[in-house]
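Asks: Below you'll find the structure I mean.
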Amino acid sequence: MGKILIVAEKPSVARDLAHVLGVNGKGNGCLISETYIVTWALGHLVRLAEPDELDAANKKWSLEQLPILPEKWELKAISKTRAQLAIVKRLMKDPSIDSIVCATDAGREGELIFRWIYEMANCRKPFKRLWISSMTADAIQEGMSKLRPSSAYDALFASALCRARADWLIGMNLSRACTVKYKSLLSVGRVQTPTLALLVRRQQEIEQFKPETSYGVEVDFGDYTGVYSESKKEKQFSMREEAEVIAATVRGKTGIITESTRKPFTEMPPQLYDLTTLQQEANKRFGLTAKRTLNAAQSLYEKYKYITYPRTESRYLTFDLKPKVKQALESLPEPYNAYAKDAIPGLTRMKGGRVFREELGADHHALIPTGKKIMLEKLTADERKVMDLILARFTAAFLPAAKGEKRTVITRVEPYDFLSQSSQIIIRGWKDIDGMPAKSVSFPELAAGDTRIVEAADIKTHVTEPPKPHTDASLLNVMEHAGKLVDDERLAAAMNKHGLGTPATRAAILERIIQVGYAQRRGKAILPTQKGLRFIELVPEALASAELTGKWEYGLNVIAEKKVPDAAFVERFMAGVTKLTTDLVSIVKADDRAGEFPQEERRSGKRRNSQRSTIGVSCPLCAKGNVTENDRAFGCSRWKQGCTLTIWKNAFVRYGGPLLTRKIIASLIKDGQVRGSTGTIVLTGKTIKFRFTDTVKESPLISIEKKH
């Protein structure tokens with residue numbers, strides 16, 4: 001009887017499988033026993049051929065050669081992992097191997113990784129699928145005892161193949177078209193480009209924001225305060241004089257309480273984590289980027305076996321997992337084990353709803369601990385933060401609800417009503433483990449008929465604030481719910497399941513946008529660069545819209561959900577992508593706008609000499625040159641003659657101020673000051689300062705004089 005070859009996605013997973021199956025012998029790029037040979041990919045070992053590999057004429061980039069539409073798709077080895085591919089191919093062809101187990105990650109991309117290797121090896125041997133969500137010994141043993149037929153995943157592979165080919169068509173053709181047309185190295189991607197458009201749109205909203213000021217009245221009754229209200233809602237005025245009339249009328253008068261009510265409320269525990277919500281919380285709490293959180297979670301899954309499959313998009317568990325959940329609760333480390341006695345009864349009583357479902361509607365269940373003994377002290381700083389978040393959320397999910405009381409008081413000071421509200425947590429429940437202090441506000445016992453004298457009446461000034469710059473957390477949220485940006489209900493429904501990208505790819509997309517120079521990090525904020533802003537101005541609207549992804553995800557969902565691949569539908573899908581590619585290339589070719597992009601950074605790593613463009617105002621320092629702009633700063637056209645004008649675009653960002661744009665600098669030099677939503681920028685002599693709307697704060701000055 002021949003051996004069984006198991007192909008894992010990563011060496012660490014292969015070692016875990018081998019350990020559970022008793023495969024101890026070491027071979028070249030594999031582990032060997034009497035029954036099994038366990039080998040591995042290193043992520044992708046195979047890729048689609050590049051355009052110049054399909055035809056040498058494509059080596060030189062030109063608009064005339066576009067679009068490139070392969071009649072026959074070819075696969076090529078990834079050069080840096082060519083040796084491991086050769087090992088896996090040899091093992092697949094080995095006569096001693098009777099059958100194969102696909103043990104790559106359980107998802108669309110994992111399926112593609114294995115199938116492409118299988119195709120490159122020209123293998124015809126039967127294979128089955130291992131589909132598991134945890135790397136514990138129990139999960140591996142159970143999965144190996146319930147291997148699924150490969151045919152059950154043929155449709156998933158068809159969907160993955162269409163996605164890869166479609167991304168190739170758009171990415172290769174439009175990246176070349178835009179790079180040649182606009183004379184700058186530009187990267188185009190089906191998900192990357194609309195994600196960048198989200199950043200650009202937010203930056204435009206911030207720059208175009210016009211603050212609005214309104215005025216309310218707050219009165220002090222001695223032991224509590226109230227705000228002027230109508231129909232139990234705070235009332236504000238556009239004119240300060242209107243608020244001052246009310247304040248002057250009630251000062252020193254006696255108010256009578258006309259209403260005092262109490263209303264209990266309940267706060268249920270939050271749902272379990274999927275990868276995206278974990279990344280959002282880690283960014284909000286600790287400032288971790290999406291990539292750092294994913295890396296830490298992947299280590300907790302692969303290296304330590306502490307958590308289940310992290311790249312999940314589900315926040316639910318199936319009922320059959322209850323015994324494993326109970327085991328995980330009983331195995332909690334300190335300080336979480338102190339809550340197990342309350343959590344386990346909660347698990348027992350739970351019928352469904354927030355945590356359990358009959359069907360997940362996803363490949364993997366929510367992210368939870370595996371039940372393995374956890375040694376928190378052995379983890380790195382990032383791993384510990386992520387593990388703590390997962391443990392706290394997992395434990396909280398089965399703890400009692402938090403309960404509190406909301407109080408509403410209306411105090412009449414003729415002829416006006418003043419509203420007072422409080423919220424107080426009485427029973428903390430799951431909030432004990434949340435790690436966040438309860439936000440409770442209370443005021444004294446008050447009953448209808450009680451009176452109070454108005455000791456003070458002040459004007460409250462409210463100034464609307466602009467949208468905040470995107471962070472990893474906020475951008476991941478918009479990407480996940482990008483279906484809301486699409487008008488077509490059918491496409492929006494398809495995107496409700498996947499959004500822009502997948503939980504497994506979103507972190508890499510954010511890093512890619514930064515890597516190619518379209519955006520940059522400033523603290524937690526992710527801001528578009530000048531290159532990113534200009535690129536979205538020029539790129540065809542269809543590429544910058546989430547609707548393209550909506551259409552594709554709808555089609556890919558249809559393909560993946562079939563029990564048997566629908567060849568006719570696949571053909572129509574790819575024909576649509578081909579036509580779209582041709583149309584978009586034609587739009588770029590016909591564009592007569594100039595690119596005006598900064599020059600690319602040299603590969604040597606030396607600081608680049610960015611291309612300068614004038615912004616139409618004279619230099620405030622030497623008064624002879626014109627102000628120029630590059631991707632990082634504003635300077636003077638006479639810099640070679642010695643003018644030292646330098647105004648860094650991010651000079652005020654670290655203090656909470658705005659990113660300086662050409663519009664701001666032009667107005668500042670012409671008018672001497674620019675007022676925005678967060679404050680006022682003032683040019684005085686040879687210095688620039690930023691005064692916040694809250695006049696208590698003021699940023700350090702920027703000196704634009706030459707320093708001696």
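Asks: Could you order peptides 42-49, 138-145 by the average number of other Cβ atoms within 10 Å of their residues, highest first?
Replies: Per-residue mean Cβ counts within 10 Å order the peptides as 42-49, 138-145.
Asks: Within 10 Å, count the other beta carbons around each residue, average over each peptide in 211-221, 170-180, and list them highest first.
Replies: 170-180, 211-221
Asks: Around Val570, under 12 Å between beta carbons, what's the net of Lys plus Arg minus Asp minus Glu among the other residues?
Replies: Neighbourhood net charge equals +1.
Asks: Over the chain, what is the relative contact order in whole percent, taking alpha-carbon pairs under 8 Å and six or more residues apart?
Replies: Computed over the chain, the figure is 14 percent.
Asks: Okay, moving on. Going by average Cβ neighbours within 10 Å, how do the peptides 21-32, 50-61 rank, with the highest at the top?
Replies: 21-32, 50-61
Asks: Heads up, I need the accessible area for Leu347: 1.4 angstrom probe, whole protein in place, Å², nearest 10.
Replies: Probe radius 1.4 Å; accessible area of Leu347 about 10 Å².
Asks: Given segment 179-300 reduced to its alpha-carbon atoms as identical point scatterers, what log10 I(q)/I(0) does the Debye formula return at q = 0.16, 0.21 Å⁻¹?
Replies: Per q value, in the given order, log10 I(q)/I(0) is -1.00, -1.22.
Asks: Right, here's the next one. With labels modelled as points extended 7 Å from the Cα through the Cβ direction, what inter-label distance (nm, one decimal) is found for Glu358 paired with Ser99?
Replies: In this crude spin-label approximation the distance works out to 3.2 nm.
Asks: Right, something else. Can you give me the angle between helix 506-515 and the longest principal axis of the chain, using Cα atoms only, in degrees from 0 to 90, rounded to the nearest 10?
Replies: Result, in degrees: 80.
Asks: Grab the DSSP H runs of the chain that are 4 residues or longer, score each as -39,500 (n - 2.57), total them, divide by all residues and round the 222 nm result to the nearest 500 deg cm²/dmol.
Replies: Helices in the chain give a 222 nm mean residue ellipticity of -11500 deg cm²/dmol.
Asks: Under the rule that a partner needs its Cβ under 4.7 Å from the first Cβ, which Cys of the chain have none?
Replies: Taking the Cβ cut-off of 4.7 Å, the unpaired cysteines of the chain are Cys30, Cys102, Cys123, Cys162, Cys178.
Asks: Taking a cut-off of 23 Å between Cα atoms, list the lysines near Lys125, but don't count ones fewer than 8 places away on the same chain.
Replies: Lys3, Lys10, Lys76, Lys89, Lys93, Lys146, Lys563
Asks: Output the 0 to 90 degree angle, nearest 10, between the alpha-carbon long axis of helix 546-561 and the longest principal axis computed from the alpha carbons of the chain.
Replies: Once rounded, the angle reads 40 degrees.
Asks: For the chain, what D do you get in µm² per second when you plug the Kirkwood radius from alpha-carbon pairs into Stokes-Einstein at 25 °C and 0.890 mPa s?
Replies: In µm²/s, the coefficient rounds to 82.
Asks: Measure off, as a whole percent, the carbon and sulfur share of the 1.4 Å-probe accessible area of the chain, all protein chains present.
Replies: Heavy-atom surface of the chain belonging to carbon and sulfur, 1.4 Å probe: 49 percent.
Asks: Excluding Val219 itself, calculate the net charge of residues whose Cβ lies under 14 Å from the Cβ of Val219, where each Lys or Arg counts +1 and each Asp or Glu counts -1.
Replies: Every neighbour counted, the sum reads -3.
Asks: Beyond 23 Å between alpha-carbons counts as too far, so tell me which of Lys291/Lys385; Lys351/Lys406; Lys291/Lys649; Lys324/Lys351 fall in that bin.
Replies: Correct reply: Lys351/Lys406; Lys291/Lys649.
Asks: If I take R0 = 35 Å and measure r between the Cβ atoms of Gln208 and Leu69 in this structure, what FRET efficiency does the formula 1/(1 + (r/R0)^6) give, to the nearest 0.05?
Replies: 0.30
Asks: Rounded to the nearest 0.05, what FRET efficiency is calculated for Asp566 and Arg638 with R0 set to 56 Å and r the Cβ-Cβ distance?
Replies: Once rounded, the FRET efficiency stands at 0.25.
Asks: About the Cα centre, and with charges only on the beta carbon of Lys, Arg (+1) and Asp, Glu (-1), how big is the dipole of the chain? Nearest 20 debye, please.
Replies: Here the chain has a charge dipole of around 2300 debye.
Asks: What number comes out for accessible area per residue over segment 18-137 if the probe is 1.4 Å? Units Å², please.
Replies: 48 Å²
Asks: Compute the acute angle (0 to 90°) between the alpha-carbon long axis of helix 381-396 and the principal axis of greatest extent of the alpha-carbon atoms of the chain; round to the nearest 10°.
Replies: 80 degrees
Asks: Another question about this same structure. Tell me the net charge near Asn122. Cut-off is 10 Å between Cβ atoms, Asn122 excluded, with +1 for each Lys or Arg and -1 for each Asp or Glu.
Replies: Surrounding charge for Asn122 is +2.
Asks: Same structure again: Separation between the Ile459 and Glu142 pseudo-spin-labels, each 7 Å from Cα along Cα→Cβ, expressed in nm?
Replies: In this crude spin-label approximation the distance works out to 6.7 nm.
Asks: Residue separation times 0.36 nm, minus the C-alpha to C-alpha distance between Thr249 and Thr684: what's the value?
Replies: 152.3 nm
The values are calculated or read from the model by the stated rules, or taken from the named source; none is laboratory data. Just so you know, these numbers come straight off a predicted model, no measurement behind them. Glycine gets a Cβ as well: all are built from the backbone with ideal geometry, and neighbour counts include every protein chain shown. Note: areas computed on protein heavy atoms with side chains; ligands, DNA, RNA excluded. Shrake-Rupley method; radii C 1.70, N 1.55, O 1.52, S 1.80 Å.
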